[in-house]
Amino acid sequence: MKITVADNSGVCFGVRRAFSLLEDAVKNAKNSGMNVFMLGPLIHNPRVITQYAEKGVNVIDINSIQENSCVVIRSHGITKDERAQLDRFSGITLIDTTCPYVQRIHQLVEQRSSEGFAVLIMGDREHSEVRGITSKISGDFFVIHPTEFDAKSGELASFIETHDKIFAVAQTTSRPANYDFLLKKVRKSIGSAPGRRFVAAETICTATLKRQDSAGELAKKVDAMVVIGGKNSSNTSKLFQVVSEKNKNSFWVESPEDFTKADIEILQKSDSVGITAGASTPDEQIEEMKSFLGLLNG
Ligand code: SF4
């Protein structure tokens, strides 16, 4: 079995930065005797979160914050209300790992909504990144997920009809084809009516784009594809969609233990297997998968 890891697999710039800030916080807290907490999971990788819990760094919610502790804000960001609540605590050290690409979207929607634009967001309204983005909008907004393009087309049409100025952004981990589809639909509906404006920002993260392109290319060339990453990870879910459209033997697992007997049989029959990994998947988990697949050869 030939095992190939797709280019651009694994930890992205934003997650690497978040890990590094958290590690620094843990070191500094040790010296000062402070406890360190993550406000919500730092990243969407349950195995990594468990490893940190074993080191005494636990996930808490905003109502459980203790005085004199160090609180680490996750890479997907928090809402405006959560930030205001945090600022009311005295005696806590805040470490903000919000990815700069997410912070850029916060700034864009804040600015445009203050200029009177209604904001159209393509993404998952329950995802922490999207909740953070919508909290920064002072006016009207509408969130639509690509799986709702048909079901919510009426609501979208009415949103477009009732606003003269619309600004669009996409969740950083979105698929470009879906965003292009949505933007074309909006442009067509708005047409060239005088006094109406539509502005769309490119907000899909380049790390996500590169990862999806490289994984898609590899998926076409191998007998089977393995995608490693948290089941709660948005970017890993998109990665899996991309590869499974190109390779019917595609598997999404958090660790080798997740393979079923049937999956293993397919992998054992494969001459070539590709691996890709979501942006929150550390290098050790990719190496672990390579070793596991290597043993199937024997
Ligand atoms: S996937 Fe992109 S937006 Fe998300 S943390 Fe990584 S670099 Fe930032």
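Tabulated results
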{"item": "Filtered residues of segment 35-60 (kept if farther than 19 Å from Q212 by Cα, out of contact with any Lys or Arg (no Cβ under 9 Å at 6 or more places or on another chain) and within 16 Å of the ligand (Cβ to nearest atom))", "result": "V48, I49"}
{"item": "Segment 43-69, subset polar (S, T, N, Q) and more than 18 Å from T281 (Cβ to Cβ), residue surrounded by the most Cβ atoms within 10 Å (Cβ to Cβ)", "result": "S69"}
{"item": "Qualifying residue in segment 65-78 (condition: more than 14 Å from the ligand (Cβ to nearest atom), under 25 Å from F159 (Cβ atoms) and β-branched (V, I, T))", "result": "no"}
{"item": "Qualifying residues in segment 250-285 (those that are within 16 Å of V5 (Cα to Cα) and over 23 Å from the mean Cα position of the chain (by Cα)) - the one surrounded by the most Cβ atoms within 10 Å (Cβ to Cβ)", "result": "V273"}
{"item": "Extreme residue, farthest from the ligand (Cβ to nearest atom), among residues of segment 186-228 that are charged (D, E, K, R) and buried (at least 16 other Cβ atoms within 10 Å of the Cβ)", "result": "D223"}
{"item": "Tally of residues being modelled with pLDDT under 95 and in contact with a strand residue (DSSP E or B) (Cβ under 6 Å, 6 or more places away or on another chain) across segment 268-284", "result": "1"}
{"item": "Unique residue being aromatic (F, W, Y), at pLDDT 95 or above and within 16 Å of the ligand (Cβ to nearest atom) when the list is F167, F240, F181", "result": "F240"}
{"item": "Hey, D164 within 22 Å of C12 (Cα to Cα), among the charged types (D, E, K, R) and not assigned by TED's automatic domain parsing to the domain that holds M34 or not", "result": "no"}
{"item": "Test: residue in segment 70-80 that is over 18 Å from the mean Cα position of the chain (by Cα), of a type in the set (A, V, I, L, M) and surrounded by fewer than 19 Cβ atoms within 10 Å (Cβ to Cβ)", "result": "no"}
{"item": "Filter result (of a type in the set (G, A, S) and free of Cβ contacts under 8 Å to residues at least 12 places away in the same chain) within segment 192-236", "result": "S192, A193"}
{"item": "Every pair of residues 6+ apart whose Cβ atoms lie under 7 Å, when the first sits in segment 250-266 and is farther than 21 Å from K238 by Cβ while the second is of a type in the set (V, I, T)", "result": "F259/V253"}
{"item": "Segment 97-112, residues that are within 15 Å of the ligand (Cβ to nearest atom) and either without any contact (Cβ under 8 Å) to a residue 60 or more places away in the chain or in contact with a Cys (Cβ under 7 Å, 6 or more places away or on another chain) (or both)", "result": "T98, Y101, Q103, H106, Q107"}
{"item": "Filter pass, S291 being free of Cβ contacts under 8 Å to residues at least 40 places away in the same chain and surrounded by 12 or more Cβ atoms within 10 Å (Cβ to Cβ)", "result": "no"}
{"item": "Selected residue (only one of S9, S32 is in contact (Cβ under 8 Å) with a residue 12 or more places away in the chain and either crowded, with 16+ Cβ neighbours inside 10 Å or away from the ligand (no atom under 16 Å from the Cβ) (or both))", "result": "S9"}
{"item": "Search result, residues across segment 187-223 that are modelled with pLDDT under 95 and more than 28 Å from C99 (Cα to Cα)", "result": "R187, K188, S189, I190, G191, S192, A193, P194, G195, R196, R197"}
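The values are calculated or read from the model by the stated rules, or taken from the named source; none is laboratory data. Computed from a predicted model, the values in this text were never measured in an experiment. FYI the Cβ positions are ideal-geometry reconstructions off the backbone, even for glycines, and counts take in every protein chain you see.
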